[in-house]
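What follows is a set of notes on a single structure, which appears directly below.
The values are calculated or read from the model by the stated rules, or taken from the named source; none is laboratory data. For clarity, every value in this text was computed on a predicted model and none was experimentally measured. When we count neighbours, we look across all protein chains shown, and the Cβ atoms used for this are built from the backbone with ideal geometry, even at glycine. Ligands, DNA and RNA are excluded from the accessible area calculation, which covers all protein heavy atoms including side chains. Shrake-Rupley method; radii C 1.70, N 1.55, O 1.52, S 1.80 Å.
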Amino acid sequence: MLMGPPGSGKGTQSARLAGIYSVPHVSTGDTLRAAVKAKTPLGRQVAETLASGGLVSDALITDLVRERLAAPDMARGCILDGFPRTAAQAETLDTMIDPAELIVLLLAASDEDIIHRLASRRICDACGITQSIQDDTDYPDGCPYCGGNLVRRDDDHPDIVRRRLATYAAFATPVIDFYKGRKTFHVVDGLQSAEWVTAALCGHIDADVTLMRSRTARF
Ligand code: AMP
């Protein structure tokens, strides 16, 4: 399970880890957004909550994750991204899987560093590629890949980022408190390069899995 504030690189790292370990990337946010887009009954139920930036109910999200974790492609594990978001969800997760087999990786980054990182993030409005700029004179010809306009996402604006970080802290702190005494809880510096972070995360996963394997013949 990967957790971290918005802008910590959690989405990127989750996708990388899923590729490296050939396991599914289970992102509750992506699942809910896809349901909203496809206008399924679930999507209609959660559309308003997603639009407001609030959290959907613990009961709804734990049912969704329980069902996903029971799928056949989960035999070798998965990368959980966006769940658990509350202490109640964390408690329920412990009843769905063996807690000793859960590795919790926290990408740490200070609020000010994240505000700076997201304020300098620009997205190409044509191809969607993300760039980091030093100042507004960077890339005078637009996107270096396709020439499209490089724009700041509305929710990357410092005032909005501060609000997103406050919401994250309010919910994440009890979840971190829930896990921090465990041997399989690790904190990684999310401000290092993406390659460094991936290597650090893999180091923890490999060490923990080796330990788990030495305890049980299941893996
Ligand atoms: P994310 O992409 O992880 O930021 O999730 C997008 C939105 O989906 C959140 O703002 C919530 O409304 C909802 N969501 C995702 N995961 C959860 C969760 N574990 N508990 C409650 N709501 C969630």
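A few comments on the model shown:
- Sparse-neighbourhood loop sites, trypsin sites (Lys or Arg not before Pro) in the stretch 22-67 - DSSP loop, at most 11 other Cβ within 10 angstrom: K39
- Counting only alpha carbon atoms, the long axis of helix 58-69 and the longest principal axis of the chain meet at about 70°.
- Considering only T62, T198, T40, the mean-square fluctuation computed in a Gaussian network model of the chain, springs between alpha carbons under 10 angstrom, is largest for T40.
- Straight Cα distances below 22 angstrom link K180 to the lysines K10, with same-chain residues fewer than 8 positions distant left out.
- Result for the chain in a Gaussian network model with C-alpha springs under 10 Å: among L80, L32, L106, the largest mean-square fluctuation is at L32.
- Computed from point charges on the beta carbon alone (+1 for Lys and Arg, -1 for Asp and Glu), the dipole magnitude for the stretch 25-87 about its Cα centre is near 140 Debye.
- In order along the stretch 148-165, the Karplus-derived 3J(HN,Hα) couplings, from 6.51 cos²θ - 1.76 cosθ + 1.60 at θ = phi - 60°, round to x, 7, 8, 10, 8, 5, 3, 7, 9, 5, x, 5, 6, 4, 4, 5, 5, 5 Hz, and Gly and Pro are given as x.
- Accessible surface, per residue, of the chain when the full set of protein chains is kept, probe 1.4 Å, Å²: 55 Å²
- For the stretch 67-99 versus the stretch 1-52, the gap between their alpha-carbon centres in whole angstrom: 14 Å
- Entry note, the chain: the mean residue ellipticity at 222 nm calculated from DSSP H runs of n ≥ 4, each adding -39500 (n - 2.57), is -16000 deg cm²/dmol after division by the residues and rounding to the nearest 500.
- On Cα atoms only, tilt of 41-52 relative to the major axis of the chain in degrees: 50 degrees
- Which of S132, A71, V197, positive extreme of dipole for the stretch 70-200 (C-beta unit charges): A71
- Antiparallel DSSP beta bridges within the chain, as percent of all bridges there, nearest 5: 30 percent
- Principal axis dimensions, largest first and in whole angstrom, of the stretch 150-209 by Cα: 40, 30, 13
- Quick note on the stretch 1-148: its Rg to Rh ratio, both from C-alpha atoms and Rh being the Kirkwood radius, is 1.02.
- Heavy-atom accessible surface of the stretch 99-212: percent carbon and sulfur, 1.4 Å: 54 percent
- For F185, the amide hydrogen comes within under 5 Å of the amide hydrogens of V104, counting only partners 5 or more places away or on other chains and with H modelled in the peptide plane.
- By average C-beta atoms within 10 angstrom, highest first, the peptides 3-10, 159-166: 3-10, 159-166
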